[in-house]
Amino acid sequence: MGKTVILSVTTDDWEIWGDQFVKRQRLAREQLTISPGVQPEAARAKLITAMNKAGAGGTLIVSVGHGSAGQLPREGTVELAPGRALSLGGANAAVPPNFVSVFYDVPLGPPPAISDLDNDRKNNPGSVRLRHWQAYQEMAAACRKAALREVVFMTCKVGRSSDFLKKIANDWNVVVRAFTVQVGIASPKPRPLVFLANDPPPYALAATTILHEEELPVAPGHTIRVGPPL
C-alpha cells in the first residue's frame, strides 16, 4: 500500500507546513524537500525519489513553486521544482523559460501538420527541446513504474487548465488534482496555515484552524481531478 509524500520547497514556511502535515499521520506520510537554485537534473532525481517513496497506490504532493492558467484549457504552467527548473508548459508555452511543453509531441493543427517533436527529430536533432522532452519522458516513465494513484499540484490556478492537466495525467498514468484559485500560506507563529484565496482560515475556530495547519485545502468547488487510473 502506498503512502503520501509531499515534496516541499524550503522557503516561505512551506517546509514547516509540510512537517505539520506529516506529523498528523506519521506512518502514512513523508516529506522530502527541495531548495531554490536547484539544477534540473538534481530536481528530476528528487522528484523521481519522491515518486518511488510514494509507491503503488500512493499520492505525491508537489509543493515547490508556482502555477498558472491560460485563456484556453490547453494552456498553463506548473512548476515541479523552484525557479522554473522543471516547469511544465501547456500549448503556446515558451521553451525556455519553461523546461518543456507537454504538447511537444502533439500536432497543434489539422493534417498534414506534424508535431514540434517530429519536426525537431527531422530538422534539429541536437535541439535542447528534444533533450528536455527526453527528461520529461523519464519522469513520466518513473511515475508509471511507481504506479502512483494521484499527484497533487499545490500551485495557483492551474486547475483551470483542464486539458493541460489531462495531458500530464495521461502521460504519467496518474490522477492529477489541482486548484482553480490561488493557494496561499499564512505564517502565524509557530504554525503556518495553508488555504485557498477564496477560503481564508477562520482563526476563531480552533478545530477548523487545525485542519488548515495539517491538511490539504478541502474545496470541491475550486478543485479539479482529471485523468487515469479508473
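The values are calculated or read from the model by the stated rules, or taken from the named source; none is laboratory data. Everything quoted here is computed from the prediction, not taken from an experiment. So basically every Cβ, Gly included, is an ideal-geometry build from the backbone, and we count neighbours across all protein chains shown. Accessible surface areas use protein heavy atoms only, side chains included; no ligands, DNA or RNA. Shrake-Rupley method; radii C 1.70, N 1.55, O 1.52, S 1.80 Å.
Longer than 21 Å from Cα to Cα, which of K53/K167; K3/K166; K3/K23; K53/K166; K46/K145; K145/K166 are they? Say none if no pair is. Provide the component values of the computation, followed by the final result.
Working: K53/K167 24 Å; K3/K166 23 Å; K3/K23 14 Å; K53/K166 24 Å; K46/K145 16 Å; K145/K166 19 Å.
As for pairs spanning more than 21 Å Cα to Cα, those are K53/K167; K3/K166; K53/K166.
Assign unit charges at the C-beta atoms only (+1 for Lys and Arg, -1 for Asp and Glu), then state the dipole size of the chain relative to its Cα centre in Debye, rounded to the nearest 20.
Here the size comes out at about 400 debye.
Net charge around L117, counting only other residues with Cβ within less than 9 Å of its Cβ (Lys, Arg = +1; Asp, Glu = -1)?
Numbers: positive: R121, R129; negative: D105, D116, D118, D120.
That sum, taken over residues with Cβ under 9 Å, equals -2.
Please report Rg (one decimal) and Dmax (integer) in Å for the Cα set of the stretch 1-128.
In Å, with Rg to one decimal and Dmax whole: 17.3, 55.
Return the percentage of antiparallel bridges among DSSP beta bridges fully within the chain, rounded to the nearest 5 %.
Values: 15 of 36 bridges.
Approximately 40 percent, going by the DSSP bridge assignments.
Put a dot 7 Å past each Cα toward the Cβ at Q25 and Q137; how far apart are the dots in nm?
Those two pseudo-labels are separated by 3.6 nm.
Among H66, A56, S35, pick out the residue whose Cα is farthest towards the positive end of the charge dipole of the chain, where Lys and Arg carry +1 and Asp and Glu carry -1 on C-beta, about the Cα centre.
So the residue furthest toward the plus end is A56.
Tell me which chymotrypsin sites (Phe, Trp or Tyr not before Pro) from the stretch 110-193 have a DSSP coil assignment and no more than 10 other beta carbons within 10 Å of their own.
Details: sites: W133, Y136, F153, F164, W172, F179; in loops: none.
Filter output for the stretch 110-193: empty list.
Under 10 °C and 1.306 mPa s, how fast does the stretch 61-101 diffuse according to Stokes-Einstein, given a Kirkwood radius computed over C-alpha pairs? Answer in µm²/s, whole number. Let's see the in-between values first.
Values: Rh = 10.0 Å.
D = 159 µm²/s.
With a cut-off of at most 10 other beta carbons within 10 Å, and DSSP calling the residue loop, which trypsin sites (Lys or Arg not before Pro) in the stretch 8-110 qualify? Please list them.
Values: sites: K23, R24, R26, R29, R44, K46, K53, R74, R84; in loops: R26, R74.
Loop-located and lightly packed - R26.
So how compact is the stretch 142-184: Cα radius of gyration and Dmax in angstrom?
10.7, 32
At 1.4 Å probe size, with the rest of the protein present, what percent of the exposed accessible area of the stretch 119-211 is carbon and sulfur atoms? The partial results should precede the final answer.
Values: 2300 of 4380 Å².
Carbon and sulfur atoms account for 53 percent of the accessible area of the stretch 119-211.
Accessible area of T77, 1.4 Å probe, to the nearest 10 Å²?
Its accessible surface works out to 30 Å², give or take rounding.
Across all directions of projection, what mean area in square nanometres is found for the Cα convex hull of the chain? Intermediate values should be presented prior to the final figure.
Working: hull surface 52.2 nm².
Averaged projected hull area, Cα only: 13.0 nm².
How compact is the stretch 1-53 by the rule of thumb for globular proteins, expressed as Cα Rg over 2.2 N^0.38 Å? Please report the intermediate quantities before stating the final value.
Details: Rg = 11.5 Å, N = 53, 2.2 N^0.38 = 9.9 Å.
Relative to the rule-of-thumb radius for its length, the stretch 1-53 sits at 1.15.
Using the crude model of +1 on Lys and Arg Cβ and -1 on Asp and Glu Cβ, and no other charge, please compute the dipole size for the stretch 6-53 relative to its Cα centre, in debye to 20.
Numbers: 7 positive and 6 negative charges, 61 e Å.
Roughly 300 debye for the stretch 6-53.
With every protein chain left in place and a probe of 1.4 Å, what is the accessible surface of I185, to the nearest 10 Å²?
50
Could you state how much accessible area E214 has, in square angstrom rounded to the nearest 10, with a 1.4 Å probe and all protein chains kept in place?
Its accessible surface works out to 30 Å², give or take rounding.
If I take R0 = 30 Å and measure r between the Cβ atoms of D105 and Q182 in this structure, what FRET efficiency does the formula 1/(1 + (r/R0)^6) give, to the nearest 0.05? Could the numbers behind the result be given before it?
Details: r = 31 Å, r/R0 = 1.03.
Result of the calculation: an efficiency of 0.45.
Considering only Y136, A147, P190, whose Cα is most displaced toward the positive end of the charge dipole of the stretch 117-229, charges sitting on Cβ of Lys, Arg (+1) and Asp, Glu (-1)?
Most positive-ward Cα: Y136.
Using a 1.4 Å probe, what is the accessible area per residue for the chain, in Å²? Don't skip to the end; give the middle numbers.
On the way: 10840 Å² over 230 residues.
Per residue, the chain has 47 Å² of solvent-accessible surface.
What translational diffusion coefficient, in µm²/s and rounded to a whole number, does the Stokes-Einstein relation yield for the stretch 79-187 at 25 °C and a viscosity of 0.890 mPa s, taking the hydrodynamic radius as the Kirkwood radius over Cα pairs? Numbers along the way, then the final one.
Values: Rh = 15.0 Å.
Rounded to a whole number, D works out at 164 µm²/s.
Let me check something: with ligands and nucleic acids excluded, how do M154, M1 order by accessible area (1.4 Å probe), largest to smallest? Don't skip to the answer; put the middle values down first.
Working: M154 5, M1 235 Å².
Order by accessible area, largest first: M1, M154.
Rounded to the nearest 20 debye, what is the charge dipole size of the stretch 42-142 about its Cα centre when +1 sits on each Lys and Arg Cβ and -1 on each Asp and Glu Cβ?
Details: 9 positive and 7 negative charges, 52 e Å.
Computed about the Cα centre, the dipole is about 260 debye.
What do you reckon, how do K157, K3, K167 stack up by accessible area (1.4 Å probe), largest on top? Don't skip to the end; give the middle numbers.
Values: K157 80, K3 55, K167 30 Å².
Sorted descending by solvent-accessible area, the residues read K157, K3, K167.
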